[in-house]
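Nothing in this text is a laboratory measurement; each read-out follows from the coordinates by a stated rule. The model shown is predicted, which means the values in this text are computed figures rather than measured ones. Here the Cβ is made from the backbone with ideal geometry for all residues, glycine too, and neighbour counts use every protein chain on show.
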Amino acid sequence: MPKLVTAAQMRALEQAAVDGGVTERELMANAGLAAAQEAWIILGTEPRPVLILCGPGNNGGDGLVAALRLAEWGAPVHVYLLRPRPDDDPEWRAVTEAGLEHTIAEADPDLTALNSLLPRAALIIDALFGTGLRPAERPFDGTTRAVLERLGAARAVRVPPQLVALDLPSGVDADTGFADPATVAADVTVTFGCAKLGLFTMPGRALAGRVEAVEIGLPAAAVG
């Protein structure tokens, strides 16, 4: 079993990396690249449509980097933003400058675009929420719940799209494994640096699928 950490321990490891000279953007770039590599393995030799669901925080930023890498490698990519990203967000600016197709949920109030995108995707990346979420204290509601419900329905068909979660399936508590009822089970969870304790605690374990812990530039002594 990989080394398990809490959300607070993971933040400390990331801070140690920053103190050692690694920038936060480099950590995000490494995470997004690793996620894209795992997704590419699943896609196989033929590039197939990828839908990336991105949240407002760093997890969404990881998803944007993954979108850029997959598009560079030839995959048809569509980014669906739960909320608008700031205009000065470098990852979001790179996505728009690269001309990647994208939709923002506030411009899709009845989720018509999402309903059309989901069944066309061969692979979906869940980059909505990561280690900062506390679902027991703040359950999903509104647009977030609606998006996850649509994702769950898309996964319930006879031949569903593959689902890759970044760091955690959205709605799983990194420390306890508690999960919001709207959480959608992933086929693979690409967890960054160290595996999170909640991925090996029920019900998080049942929702995570295969867990792949990937290197993102943390101090080797800390993650060994």
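Principal semi-axes of the equivalent ellipsoid, √(5λ) from the alpha carbon gyration tensor of the chain, are 25, 20, 17 Å from largest down.
Determine the shape class of region 96-222: with a ≥ b ≥ c the square roots of the Cα gyration tensor eigenvalues, call it rounded for a/c under 1.5, and otherwise prolate if a/b is greater than b/c, oblate otherwise. Because a/c hits 1.5 or more and a/b exceeds b/c, region 96-222 counts as prolate.
What you get for the chain, charging only the Cβ of Lys and Arg (+1) and of Asp and Glu (-1), is a dipole of about 640 debye around the Cα centre.
Run the simple label-point estimate for W73 and D88 please: 7 Å along Cα→C-beta, distance reported in nm. In this crude spin-label approximation the distance works out to 3.3 nm. Using the Karplus relation 6.51 cos²θ - 1.76 cosθ + 1.60 with θ = phi - 60°, the per-residue 3J(HN,Hα) values for region 82-97 come to 5, 9, x, 8, x, 4, 8, 5, x, 5, 5, 4, 5, 4, 5, 5 Hz, with x marking Gly and Pro. Farthest toward the dipole's positive end in region 5-133, which of I42, A8, H78, given Cβ charges of +1 (Lys, Arg) and -1 (Asp, Glu) about the Cα centre? Farthest along the dipole direction, towards plus: I42.
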